[in-house]
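The values are calculated or read from the model by the stated rules, or taken from the named source; none is laboratory data. It should be emphasised that the depicted structure is a prediction, and the values quoted were computed from it without experimental measurement. All Cβ positions, glycine included, derive from the backbone under ideal geometry; neighbour counts span all protein chains shown.
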Amino acid sequence: MLFKKKGKVQKLIQEQINLVAQGLGFLKEAVELYLEGDKEECELKTRVVEQMETKADEAKREAEKTLYEGMYLPLFREDFLDLMELIDDVADEAERIVDFLSIENPEIPSPWNEKMREIVEKGILAFNLFRESFMLLREDTQKAFSHAYKVKEVEKEVDRLQDGLNREIFQSNLQLAHKIQLRDLVIRMGFISDLSENAADKISMISIKRRI
Amino acid sequence: MWFLLSGIYLGWALGANDAANVFGTGVTSGLVSYRLAVILTAIFVILGAVTEGTKCIGTVGYFTSLTLFTALLATLSAAITVTLMTRLKLPVSTSQAILGAIVGIAIVGEGWRGLPMGKLTKVVLCWIFTPLGAAVISFLLFMGLGYLVNRIRGLAVFTHLMRIGILVTGCFGAYALGSNNVANTTGAFVGAGLIAPIEGALIGGISIGVGAITYSRGVMISVGRRISLLDPFSALVVVLAGAITVYLYTQIGVPVSTSQAVVGAVAAIGLAKGIRTINKKMLFFVLLGWISTPLLAASLSILLLLSLG
């Protein structure tokens, strides 16, 4: 009974992570459609991203409830609660990006399409690396720790891409309002890797705490 | 048989206070439910008392020659001491209370010169070495088991292991508690010839078990929270080291304090990890308990014997 409940928590967190990863997949498709100019299809994908966020939220709530029932070592309980919040932040951010595109409908000059795509893809890569480190946590905390570090490297790359793109945006001849709008979008897209890094840091923390 | 009530009360108080030392961590962390913890405590205390409790009963019962009346006074003095010190929130050891009270009886009956100095020296040395011995065992366990546990890489296996460990060490702790401390409750009456050693072990064991089941929640939560400040592995080592220490003293027939063993074990964890786990106030309280408990119990038994006898 005790072990079943603990297994249930891990399964629910894994489910939350998988749903967020799926949501990020749809985010990528939505951005791609937007950049290709297919705004109608992009709207449909926006709804799917929102649905995935809601489902991930439900999985998180279920996991929290099980965790609050006290079936985990207290040393890790708080960390797992924090981790679920951090994963939720990633899902929220994915939703904000598609909403941004849907509501503000920014005009993106085509030369920047590739860099926008790259920022989103690297963000998803960062989250997937975090996902792998979470899966490793169960079997090998040291490997999980090393794997979590890889997220940092990807996040740095995204930072570089973001800075370069924002520099290009502000050196262009666009209106200031347009520049600011595009900068906001770029920053939002960069948040995916930032937040994935925060979640990966929590994995590192759990791995360190596990050492005696 | 109503004489036994004072011993039963002492056993009840002991169970209410000391169950915390074996399952406090498990309960406060939510790994073991309070109900399961107290049921396991009761079962293993009785098992320890019946299986090995007679080893210490001899020391308490035959420390000096006791009559039914002096056995009652000794147990009553110990019970009053334990209640009073618990009320004053001072650390108290039932082992020190009952032996202090019996020494008081011996002083009145046979004078200072009549005291069994050999037995007394052995007991006092054991009390001093309880926290020290627990500290050494705790340090060795922390290093040895720590090396093995560090080789376990997965969080899932580690968590399972800690959970099973807390249950197993808790049961062993309860067994050690029963085997060692049951003498404090009915030992004097065995010495007075009222009951046989095995009857004393059974009655004492049941009274400790009932104390754990009916009144241990408060202490369990406060002690558990204090130990739970340690990481789960360190907390497990503390409970295990305390249990081993107390169990070893059972083998040489000396009732000791489980709480003092836990303090020694916690201090050693601090030493092993290079952190401060015990403060001066805590040490002062342990020393205060060492001195005040037997002195108060002895004074009470002398007073009662002189006024009633």
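With respect to the numbered conditions (1) out of contact with any Gly (no Cβ under 9 Å at 6 or more places or on another chain); (2) crowded, with 20+ Cβ neighbours inside 10 Å, which one is the sole condition not fulfilled by A:Asp79? Unmet condition: (2).
For (1) surrounded by fewer than 22 Cβ atoms within 10 Å (Cβ to Cβ); (2) in a helix (DSSP H, G or I), each residue gets a yes or a no:
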position	(1), (2)
B:Arg153	yes, no
B:Ile164	yes, yes
B:Leu177	no, yes
B:Val182	no, yes
B:Ala201	no, yes
B:Val210	yes, yes
B:Ile213	yes, yes
B:Ser222	yes, yes
B:Val237	no, yes
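Only one of the listed residues (A:Phe170, A:Phe191) is among the aromatic types (Phe, Trp, Tyr), exposed (fewer than 14 other Cβ atoms within 10 Å of the Cβ), at pLDDT 95 or above and in a helix (DSSP H, G or I). That residue is A:Phe170.
The residues on offer are B:Phe172, B:Phe189, B:Phe139, B:Phe158, and the sole one that is modelled with pLDDT of 95 or more and within 25 Å of A:Ile206 (Cα to Cα) is B:Phe139. In the set B:Leu84, B:Leu36, B:Leu76, only one residue is without any contact (Cβ under 8 Å) to a residue 60 or more places away in the chain and in a helix (DSSP H, G or I); that residue is B:Leu36. In the stretch B:224-266, the residue that is farthest from the other protein chains (Cβ to nearest Cβ) out of those that are within 21 Å of B:Ala97 (Cα to Cα) and more than 14 Å from the chain's Cα centre (by Cα) is B:Ile252. Pick from the stretch A:98-141 the residues that are within 19 Å of A:Arg183 (Cβ to Cβ) and among the hydroxyl-bearing types (Ser, Thr, Tyr): which of them is surrounded by the fewest Cβ atoms within 10 Å (Cβ to Cβ)? Filtering the stretch A:98-141 for residues that are within 19 Å of A:Arg183 (Cβ to Cβ) and among the hydroxyl-bearing types (Ser, Thr, Tyr), the one surrounded by the fewest Cβ atoms within 10 Å (Cβ to Cβ) comes out as A:Ser110. For the stretch A:112-165, a residue qualifies if it is away from every other protein chain (no Cβ under 14 Å), without any contact (Cβ under 8 Å) to a residue 12 or more places away in the chain and either within 22 Å of A:Glu29 (Cβ to Cβ) or in contact with a Leu (Cβ under 8 Å, 6 or more places away or on another chain) (or both), and exactly one does: A:Glu114.
Only one of the numbered conditions (1) assigned to a helix (DSSP H, G or I); (2) within 14 Å of chain A (Cβ to nearest Cβ); (3) farther than 21 Å from B:Ser257 by Cβ is not met by B:Leu31, and that is (1). When A:Leu24, A:Leu73 are screened for being among the hydrophobic types (A, V, I, L, M, F, W, C) and within 14 Å of chain B (Cβ to nearest Cβ), only A:Leu73 passes. On the stretch given as the stretch B:65-84, residues that are crowded, with 22+ Cβ neighbours inside 10 Å and of a type outside the set (A, V, I, L, M, F, W, C) total 4. Taking the numbered list (1) farther than 16 Å from B:Ala20 by Cβ; (2) not in a helix (DSSP H, G or I) in turn, B:Leu230 passes all entries but (1).
In the set A:Tyr68, A:Tyr34, only one residue is within 14 Å of chain B (Cβ to nearest Cβ) and of a type outside the set (Lys, Arg); that residue is A:Tyr68.
Does any residue of the stretch B:88-102 turn out to be free of Cβ contacts under 8 Å to residues at least 24 places away in the same chain and either over 15 Å from the mean Cα position of the chain (by Cα) or assigned to a helix (DSSP H, G or I) (or both)? Among the residues of the stretch B:88-102, at least one is free of Cβ contacts under 8 Å to residues at least 24 places away in the same chain and either over 15 Å from the mean Cα position of the chain (by Cα) or assigned to a helix (DSSP H, G or I) (or both), which makes the answer yes. Annotation note: Cβ proximity below 8 Å between a residue of the stretch B:1-23 that is in a helix (DSSP H, G or I) and a residue that is among the aromatic types (Phe, Trp, Tyr) (sequence gap 6+ or interchain) occurs for B:Leu4/B:Phe189; B:Gly7/B:Phe189; B:Trp12/B:Tyr215; B:Gly15/B:Tyr215; B:Ala16/B:Tyr215. Among the residues of the stretch B:159-215, those that are aliphatic (A, V, I, L, M) and without any contact (Cβ under 8 Å) to a residue 24 or more places away in the chain comprise B:Leu161, B:Ile164, B:Val168, B:Ala196. Residues in the stretch A:12-54 that are over 17 Å from A:Ser102 (Cβ atoms) and surrounded by fewer than 18 Cβ atoms within 10 Å (Cβ to Cβ): A:Gln14, A:Glu15, A:Asn18, A:Gln22, A:Gly25. Which one of these is polar (S, T, N, Q) and farther than 16 Å from B:Pro197 by Cβ: B:Thr59, B:Thr51, B:Thr28? Being polar (S, T, N, Q) and farther than 16 Å from B:Pro197 by Cβ holds for just one of B:Thr59, B:Thr51, B:Thr28, which is B:Thr28.
For residues that are of a type in the set (D, E, K, R) and at pLDDT 85 or above, scanning just the stretch A:1-26, find the one that is farthest from the chain's Cα centre (by Cα). Looking at the filtered set, the residue picked out is A:Lys11.
Remark: B:Val123 falls outside the filter, which requires a residue to be among the hydrophobic types (A, V, I, L, M, F, W, C), more than 14 Å from chain A (Cβ to nearest Cβ), farther than 28 Å from B:Leu283 by Cα and surrounded by 16 or more Cβ atoms within 10 Å (Cβ to Cβ). Once the stretch A:173-210 is narrowed to residues that are in contact (Cβ under 8 Å) with a residue 60 or more places away in the chain and of a type in the set (Lys, Arg), the residue that is farthest from the other protein chains (Cβ to nearest Cβ) is A:Arg188. Out of B:Phe142, B:Phe158, B:Phe172, B:Phe129, one residue alone is within 14 Å of chain A (Cβ to nearest Cβ), part of a helix (DSSP H, G or I) and within 30 Å of B:Gln96 (Cα to Cα). It is B:Phe142.
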